[in-house]
Amino acid sequence: QGPLVESGGGLVQAGGSLRLSCVATGLTFDTFSVGWFRQAPGKEREFVAAASWTALNTEYADSVKGRFTISRDNAKNTVYLQMNNLEPGDTAVYYCAAGGMVRTVRAGAAEYWGQGTPVTVSS
């Protein structure tokens, strides 16, 4: 296992909610910006959300704004993705990432990546 491990994925009906977690080990977690990405079958990986080390700066993909919330607990070395009002189009493997700056993470150039947790939204 690498320094980032995701959990919380699963099967949910459309309109439901899930909360993903990503625990970091071996990193000075509170100095890293963090983010979530997803990759659906047959598609490229895409940005979902990112947060600065204080979480005062957050960014979201347009497709998830108002439905997803990224947060972090630096005392627990954990970043979360609360996903509400899920849609079948949200079905994907979700990855967390950690890097130096929010724009670096958002660009997909994070230093560290998890192995992903699958989310399936049924209609």
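A few points about this structure:
- Selection within the stretch 1-41 - at pLDDT below 95 and open to solvent by 30 Å² or more (accessible area, probe 1.4 Å): GLN1, GLY2, PRO3, THR25, GLY26, THR28, ASP30, THR31, PRO41
- Enumeration of residues in the stretch 73-107 that are open to solvent by less than 20 Å² (accessible area, probe 1.4 Å) and in a loop (DSSP other than H, G, I, E, B): LEU86
- Among residues that are among the acidic types (Asp, Glu) and over 20 Å from SER123 (Cβ atoms), GLU59 is included.
- Being within 22 Å of SER122 (Cα to Cα), open to solvent by less than 30 Å² (accessible area, probe 1.4 Å) and acidic (Asp, Glu) is a property that GLU46 lacks.
- Checking GLY15, GLY66 one by one, the residue that is on the phi > 0 side of the Ramachandran plot, assigned to a loop (DSSP other than H, G, I, E, B), in contact (Cβ under 8 Å) with a residue 40 or more places away in the chain and out of contact with any Lys or Arg (no Cβ under 7 Å at 6 or more places or on another chain) is GLY15 and no other.
- Residues of the stretch 1-39 classified as closer than 20 Å to LYS65 by Cβ, over 14 Å from the mean Cα position of the chain (by Cα) and of a type in the set (A, V, I, L, M, F, W, C), total: 2
- Per the conditions (1) surrounded by fewer than 15 Cβ atoms within 10 Å (Cβ to Cβ); (2) within 17 Å of GLU6 (Cα to Cα); (3) out of contact with any strand residue (DSSP E or B) (no Cβ under 6 Å at 6 or more places or on another chain), the sole criterion not satisfied by ASN57 is (2).
The values are calculated or read from the model by the stated rules, or taken from the named source; none is laboratory data. Keep in mind the model is a prediction, meaning the values are calculated, not measured. In this analysis, Cβ positions are derived from the backbone assuming ideal geometry, glycine residues included, and neighbour counts consider all displayed protein chains. With ligands, DNA and RNA removed, areas are computed over all heavy atoms of the protein, side chains included. Shrake-Rupley method; radii C 1.70, N 1.55, O 1.52, S 1.80 Å.
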